[in-house]
Amino acid sequence: MNNIILLPIFIPLIGAIILMLAPKKVTLQRTIALIMSFILVASDLFLLFYVKNHGITTLNIGNWRAPFGITIVADMLAALLVVTTSFVLTCVIIYSFYTIGKAREKFLYYPSVLFLIVGVNGSFLTGDIFNLFVFFEVMLMASYVLLVIGGTKIQLKATIKYLLINVVGSAFFVVAIGILYSMIGTLNMADISRKINALHGVDTGMISVAAVMFLFVFGLKAGLFPLYFWLPGSYFAPPMPVLALFGALLTKVGVYAIIRTYSLFFAKETTFAMPLLGVLALITIILGVIGVISYYDLKTIVIYNILIAIGVILFSVSIMTREAMTGAVYYLIHDMIIKSALFLIIGVIMAITGTSTVKKFSGLMTVKPTLGWSFFIAILAIAGIPPLSGFFGKLLMVEGAFSTGEMFGGIVILLSSLFVLMSLIKVFTRGFWGEKTGKFNLAIPYKKMMLPVIILLTCSVLYGIFSNAIYPFISDAVDPIIDPNLYINAVIKE
């Protein structure tokens, strides 16, 4: 049964390979991509409940036992993230049928999306630090293709910048792994943790160097200050389904990598890494807030909201208490769902109005009230208004900050929610209310485009209302983060 751990990686991989055999047959591409996404959701849910019933599950590739071989590890955190990923993927694929355009669909759009999921799910499930690098590269190569498909000037410009930044990040990743391997002599993450703990204060200076290098690499992927400069421009360029995938998934892989490596490697043996992470996270929140209140462009505002969410989650990670981490995991899953929903809503708005700038239209509520109220619910969820999905996680993160004496950080998180609400209410009132102005294209397949939006928003509402029912899963996800020995003992069975 341990082989089920590979399904979140193998299913999109097989689907992508099949789709590459018939790139010009759009109907076949759509059908196979959707079927594969449904199969992926089912297999990931099965894996989730298997981990819930049997605990952390591992698979040693080639039957080489850890730490000598490559180990795939499914703990509850990884299982929750792959389930959320597959759910977002399914909604984005359905949305793509009506928005991405046949020209892009004929140039390996769906295979690239599935290869992206291979990299994302592999990053969540790998128990080997070098294979984390490998899955990062798979994810990045697919993202390069998705970013450039269509060949518009803005896409090519953004792709060059995105490519150069990530090549530098990948080079630093290899160097960081090399430094760690030269000190520890292993690549298995559980074994790295065990051997770092055995140092007992020896070589902690080099461990701190490695911690900062990993923070640089993963912070670049996540969009942490001062490494976020590439994100607003690069994420503005691609079509909306691609942006929904990028905003919901790619930055979260960087966040997950920080959570995994810092909880296993650096939480106990360095006094420098965690405070640095906390400071950078708070600066990220502040700069994200400045971004959201400065613009009237919907895409730009939500892109800067990505930065705020990254800062909020990583500040809680820097505290590393059970309460703060529980809130961070809650909020991480919420953000994946609600960011994808928001970007898809903006895609519908742009299809109707022809623009993402609310200064160019108003009165949209009189034309499409369902769209308006969907946007309003998404605003409340992203701001953390109860009982929606953002509330419970943010409440726990603020309580975690206050309980450890991090009053300033807790206040910044609270104020960021207020500014997020203000920034989006500003565009809501301006674009949806008032006299009808601007040109509206009502010939779009509106109901079909709204279907995945409604599914994601319903999931967000249910995630908030039934947060108590989800708590046991979140608690299981937090256990190995707070007590890494649970992870180590599950991987290295002696």
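Which residues, counting only those in the stretch 145-167, are free of Cβ contacts under 8 Å to residues at least 24 places away in the same chain and part of a helix (DSSP H, G or I)?
Val148, Lys153, Leu156, Ile160, Leu163, Leu164, Val167
Condition first: of a type in the set (Ser, Thr, Tyr) and within 30 Å of Thr186 (Cα to Cα). Now tell me which residues in the stretch 144-174 satisfy that.
Within the stretch 144-174, just Ser170 meets the criteria.
If you scan the stretch 143-157, which residues turn out to be of a type in the set (S, T, N, Q) and farther than 13 Å from Phe246 by Cα?
Of all residues in the stretch 143-157, those of a type in the set (S, T, N, Q) come to 143, 152, 155.
Of everything in the stretch 143-157, those that are of a type in the set (S, T, N, Q) and farther than 13 Å from Phe246 by Cα turn out to be Thr152, Gln155.
One residue is enough: does the stretch 438-448 have a residue meeting the conditions assigned to a helix (DSSP H, G or I), closer than 25 Å to Ser37 by Cβ and of a type in the set (D, E, K, R)?
Yes, there is a match, as at least one residue in the stretch 438-448 is assigned to a helix (DSSP H, G or I), closer than 25 Å to Ser37 by Cβ and of a type in the set (D, E, K, R).
Looking at the stretch 106-117, which of its residues are over 16 Å from Pro239 (Cα atoms) and under 14 Å from the mean Cα position of the chain (by Cα)?
Ile117
Mind listing just one residue for me: the one in the stretch 104-116 that is hydrophobic (A, V, I, L, M, F, W, C) and surrounded by fewer than 24 Cβ atoms within 10 Å (Cβ to Cβ) and, of those, nearest to Ile9 (Cα to Cα)?
Result: Leu108.
Just checking, which of Leu451, Leu457 is part of a helix (DSSP H, G or I), within 26 Å of the chain's Cα centre (by Cα), touching a residue at least 60 places away in the same chain (Cβ under 8 Å) and surrounded by fewer than 20 Cβ atoms within 10 Å (Cβ to Cβ)?
The conditions single out Leu451.
Answer yes if at least one residue in the stretch 305-315 is surrounded by fewer than 24 Cβ atoms within 10 Å (Cβ to Cβ) and at negative phi, and no otherwise.
No: the stretch 305-315 contains no residue that is surrounded by fewer than 24 Cβ atoms within 10 Å (Cβ to Cβ) and at negative phi.
Hey, does the stretch 263-271 have a residue that's farther than 30 Å from Ile488 by Cβ and out of contact with any Gly (no Cβ under 8 Å at 6 or more places or on another chain)?
no
Which one is farthest from the chain's Cα centre (by Cα) among residues in the stretch 271-290 that are buried (at least 21 other Cβ atoms within 10 Å of the Cβ) and closer than 30 Å to Gly354 by Cα?
Val289
Table: residues versus (1) closer than 26 Å to Ile290 by Cβ; (2) touching a helix residue (DSSP H, G or I) at 6+ places or on another chain (Cβ under 7 Å).
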site: Thr355; (1), (2): yes, no
site: Thr366; (1), (2): no, no
site: Ala383; (1), (2): yes, yes
site: Gly393; (1), (2): yes, yes
site: Ser403; (1), (2): no, yes
site: Glu406; (1), (2): yes, yes
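Quick one: would you say Phe218 is in contact (Cβ under 8 Å) with a residue 12 or more places away in the chain, of a type in the set (Phe, Trp, Tyr), in a helix (DSSP H, G or I) and more than 23 Å from Leu342 (Cβ to Cβ)? First the steps, then the outcome.
Details: in contact (Cβ under 8 Å) with a residue 12 or more places away in the chain: yes; of a type in the set (Phe, Trp, Tyr): yes; in a helix (DSSP H, G or I): yes; more than 23 Å from Leu342 (Cβ to Cβ): yes.
So Phe218 passes the test.
Specify which of the listed residues (Ala244, Ala176, Ala210) is in contact (Cβ under 8 Å) with a residue 40 or more places away in the chain, farther than 23 Å from Met141 by Cβ and part of a helix (DSSP H, G or I).
On the way: Ala244 fails: farther than 23 Å from Met141 by Cβ; Ala176 fails: farther than 23 Å from Met141 by Cβ.
The match here is Ala210.
Can you tell me which residue among Thr429, Thr353, Thr357 is open to solvent by 30 Å² or more (accessible area, probe 1.4 Å) and either more than 26 Å from the chain's Cα centre (by Cα) or at pLDDT 85 or above (or both)?
On the way: Thr353 fails: open to solvent by 30 Å² or more (accessible area, probe 1.4 Å); Thr357 fails: either more than 26 Å from the chain's Cα centre (by Cα) or at pLDDT 85 or above (or both).
Within the list Thr429, Thr353, Thr357, the selection yields Thr429.
Out of Ile377, Ile338, which single residue is under 13 Å from Cys459 (Cα atoms), open to solvent by 10 Å² or more (accessible area, probe 1.4 Å), modelled with pLDDT of 85 or more and assigned to a helix (DSSP H, G or I)?
Ile377
Quick check: anything in the stretch 69-83 part of a loop (DSSP other than H, G, I, E, B), over 30 Å from Ile345 (Cα atoms) and open to solvent by 30 Å² or more (accessible area, probe 1.4 Å)?
Yes; the residues of the stretch 69-83 include at least one that is part of a loop (DSSP other than H, G, I, E, B), over 30 Å from Ile345 (Cα atoms) and open to solvent by 30 Å² or more (accessible area, probe 1.4 Å).
Kindly indicate which of Gly150, Gly101, Gly127, Gly119 is open to solvent by 10 Å² or more (accessible area, probe 1.4 Å), small (Gly, Ala, Ser) and touching a helix residue (DSSP H, G or I) at 6+ places or on another chain (Cβ under 7 Å).
It is Gly150.
What are the pairs, 6+ residues apart or on separate chains, where a residue within the stretch 1-28 that is closer than 26 Å to Leu48 by Cα and outside any helix (DSSP H, G or I) has its Cβ under 6 Å from a residue that is open to solvent by 50 Å² or more (accessible area, probe 1.4 Å) and not hydrophobic (A, V, I, L, M, F, W, C)?
none
Table: residues versus (1) of a type in the set (D, E, K, R); (2) under 30 Å from Met450 (Cβ atoms); (3) open to solvent by less than 10 Å² (accessible area, probe 1.4 Å).
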site: Ala210; (1), (2), (3): no, no, yes
site: Phe236; (1), (2), (3): no, yes, no
site: Phe246; (1), (2), (3): no, yes, yes
site: Val255; (1), (2), (3): no, yes, yes
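Limited to the stretch 212-230, what total is found for residues that are surrounded by 24 or more Cβ atoms within 10 Å (Cβ to Cβ) and touching a Gly at 6+ places or on another chain (Cβ under 6 Å)?
Of the residues in the stretch 212-230, 4 are surrounded by 24 or more Cβ atoms within 10 Å (Cβ to Cβ) and touching a Gly at 6+ places or on another chain (Cβ under 6 Å).
Report the residue count in the stretch 381-423 for those that are of a type in the set (Gly, Ala, Ser), part of a loop (DSSP other than H, G, I, E, B) and either surrounded by 15 or more Cβ atoms within 10 Å (Cβ to Cβ) or touching a residue at least 12 places away in the same chain (Cβ under 8 Å) (or both).
Adding up the residues that qualify gives 1.
The values are calculated or read from the model by the stated rules, or taken from the named source; none is laboratory data. Predicted model only: the values in this text are computed from it and were never measured. Neighbour counts are summed over all protein chains in view; Cβ atoms, including those assigned to glycine, are modelled from backbone coordinates with ideal geometry. Calculation scope for accessible area: heavy atoms of the full protein, side chains included, ligands and nucleic acids excluded. Shrake-Rupley method; radii C 1.70, N 1.55, O 1.52, S 1.80 Å.
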